[in-house]
Amino acid sequence: MSAPIFLYTDFGSADIYVGQVKAVLHAQAPASPVIDLLNDAPPFRIEESAHLLAALVRRLPPGAVTIAVVDPGVGGERAAVALEADGRSFVGPDNGLLSVLAARAGTVRVVALDWMAPPQSASFHGRDLFAPAAARIACGGADLHEAAPKPRLEVELDPGDLARVIYLDHYGNAMTGLRAAGRVTGTHVEVAGRRVSHARVFSDVPRGALFWYENSIGLVEIAANQASASDALGLAVGTEVSVHS
């Protein structure tokens, strides 16, 4: 059976682009399930998107193939790569987007996508380069262990915690690039001039109250019970946060 293919992009769930990528995958890897991991990654925000992707990949099954595209430099000088990290494959631009998950993986192999035909469109490598590459990998038509490896990614971001808001969901919850593991419950988060205390879950605080908690993908998240933390604090992707005892 073909491997599942996951999509992680900033293409937008309501625009035309995801459908075109899926059309290519259906034609070239018809037996592969195609799953939307996220198509509303922070637009153009490579660093925040890289940290969010690194938190999400832990839930991907072994053998999964992910198309990861947040690529404001599409058509420019940046390279295109495939990599295998801890038994999962990824294709995308070498602009830092894949570097955080790669740095945190136990085993990594990086390969240039020079075995693919040049993309038809200079501005849509997601459809014309990365989707066909992912289809070949998922169907067993390309083995990343047979291609000559690159020594490393060309663009490597700091894989440590990122003290910023990296994603706002439709509830108004603000995920940060801070991993929650090891942070004590007495710790508070400072954001937008406010001190936010810890709670375990939403129901542990009064309705409308702000708090931070360890979310389901292991990140520090700033939230409000049945209200929008983003609206209450004026948050945006990129807002800086700090943690204090």
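The values are calculated or read from the model by the stated rules, or taken from the named source; none is laboratory data. These numbers were taken from a predicted model, which means no experiment stands behind them. Cβ coordinates were reconstructed from backbone atoms using ideal geometry, including for glycine residues, and neighbour counts include every protein chain displayed.
A few remarks follow.
- Among the residues of the range 10-28, the ones that are surrounded by fewer than 19 Cβ atoms within 10 Å (Cβ to Cβ), of a type outside the set (Ser, Thr, Tyr) and under 16 Å from the mean Cα position of the chain (by Cα) come to 1 in all.
- Within the set Ala163, Ala131, Ala135, the sole residue that is in contact with a Ser or Thr (Cβ under 9 Å, 6 or more places away or on another chain) and within 21 Å of Ala29 (Cα to Cα) turns out to be Ala135.
- Candidates Ile166, Ile137, Ile222 - the one that is part of a helix (DSSP H, G or I) and buried (at least 16 other Cβ atoms within 10 Å of the Cβ): Ile137
- When Val74 is tested against the conditions (1) touching a helix residue (DSSP H, G or I) at 6+ places or on another chain (Cβ under 8 Å); (2) in a helix (DSSP H, G or I), the lone failure is (2).
- Considered as a group, the residues in the range 29-67 that are at pLDDT 95 or above and of a type in the set (D, E, K, R) include one that is surrounded by the most Cβ atoms within 10 Å (Cβ to Cβ), and that residue is Glu48.
- Qualifying residue in the range 172-195 (condition: in a loop (DSSP other than H, G, I, E, B), within 17 Å of His51 (Cβ to Cβ), of a type in the set (Val, Ile, Thr) and in contact (Cβ under 8 Å) with a residue 60 or more places away in the chain): no
Yes or no, residue by residue, for (1) in the same structural domain as Met175 (by TED's automatic domain parsing); (2) over 18 Å from Pro42 (Cβ atoms); (3) free of Cβ contacts under 8 Å to residues at least 24 places away in the same chain:
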| residue | (1), (2), (3) |
| --- | --- |
| Arg200 | yes, yes, yes |
| Ser203 | yes, yes, yes |
| Arg207 | yes, yes, yes |
| Trp212 | yes, yes, no |
| Ile217 | yes, no, no |
| Ile222 | yes, no, no |
| Ala227 | yes, yes, no |
| Leu235 | yes, no, no |
| Gly238 | yes, no, no |
